[in-house]
Structure formats: C-alpha cells, structure tokens
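A short write-up of the structure that comes next.
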Amino acid sequence: MTLRDARPFGLFALGLGLFEGSRMLARRPGITPLEERVFRAANRTTDTVRVPVRAVMQAGTFATVPVASAVAFLAGRRRLALKLAGGGTAAWLLAKAAKPLGGRPRPEGVLDDVTTREGIEGDLGWVSGHTAVVTTLAIVAAPEVPPPARPAQGGTLLRRGAHRGGCFFCLRNFIKLVP
C-alpha cells in the first residue's frame, strides 16, 4: 500500500480521534471557565448582529445541501453535485445520530442567564449539525476549486460544543469557495 492509498485511512483515524475526543469533552459535567467566558462574550452581543449572524449560520442548515447540489448540477458538475448531496446528507444524518452520544445540552441547559434569540426545540448542542454540514460541503467542494479559493480545512467539524459561534468561522471558510 502506498502513502497515497493510506491517506483515506489516516484521515478517517484522525476524524475518529477528533470525534471521540470532542465527545469525551462534551460528556464532562459542566463547562470550563474559558468556555463560559467565550460563550458569554458572544452571547452579550447586541441584536444588531442577529441578521448577519443568522444569514451566515444558514450555510450549515440541511437546506444548503440541495441548494449547493443544484448549483453544481446546473453548472454541469454532475459528479460534484452527487458528492455534495451524498456528503451533506450523510453529515446531517450522522450529526443527528451522534447527538445522544455526547448528551450535551444547549447553552441554556448548562448556564444561567442565557439570551436565547431563537427557539430551538428537541435537540442537543453537541455535535453541531450546522458545522457538520458546512464543513462537509467545504471539504467535498475544495478539490474542485482553484487553490487560492480553497477553504482552510480544519477541525471545526467536531470541536464545537453547544453552538458557541463556530458556525461563523466555518462559514467564513465556506465562503472562500467562491473565487
């Protein structure tokens, strides 16, 4: 087996390690002082940022999957369209299935005095479906775009706890896909 042949296995092992490490952190009772400080700083922002933050966060919703796939299909990139549809759907479904493994509630279930701007019902905070979807779409699309437009591929998929702002950073990478 060549190094090139082994790469997918290495990436899978790395992803599995990141997943399990973040799951173990999510299973701990409470949160660290640093997590709380970062969350409080983001949560104290004014409602004037709501519209831009909400717009950015939508890149990680499941609705983005068929939209991105349709754009690729209409651009004549049928193989990319299939990869985006399959990968995005798998990411969303797997994130939903993984949430009970972490068992971490959203911020209002962990902290007092949380400003909730939108009601989200019936879902846990870890692992972020938004981050899973947008990161998967970015990773799938990255080889298809010129190198200067490729996103910075990092571990944003699983480092997220209970929606503490990672969607913004993840989308920033996704936006870089547009040359």
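The numbers here are math on the coordinates, done by the rules we state, and not lab data. Keep in mind it's a predicted model, so treat the numbers as computed, not measured. Here Cβ is always computed from backbone atoms with ideal geometry, including for glycine, and neighbour counts include all displayed protein chains.
Couple of notes before you dig in:
- Net dipole in debye of region 9-129 [+1 Lys, Arg Cβ; -1 Asp, Glu Cβ; about Cα centre; nearest 20]: 520
- Relative contact order for region 1-131, counting Cα pairs under 8 Å that sit 6 or more residues apart, in percent: 28
- Cβ charges +1 (Lys, Arg) and -1 (Asp, Glu), total dipole of region 33-75, debye: 120
- Stretched out straight at 0.36 nm per residue, the stretch from Leu82 to Glu118 would grow longer than its current Cα-Cα span by 9.7 nm.
- Cα-derived Rg to Rh of region 1-93, Kirkwood definition: 1.10
- Area projected by the alpha carbon convex hull of region 72-142, averaged over all directions, nm²: 6.1
- Region 1-69, dipole about Cα centre (Lys/Arg Cβ +1, Asp/Glu Cβ -1), debye to the nearest 20: 140
- Local electrostatic count, Val51, Cβ distance below 14 Å [Lys/Arg +1, Asp/Glu -1]: +1
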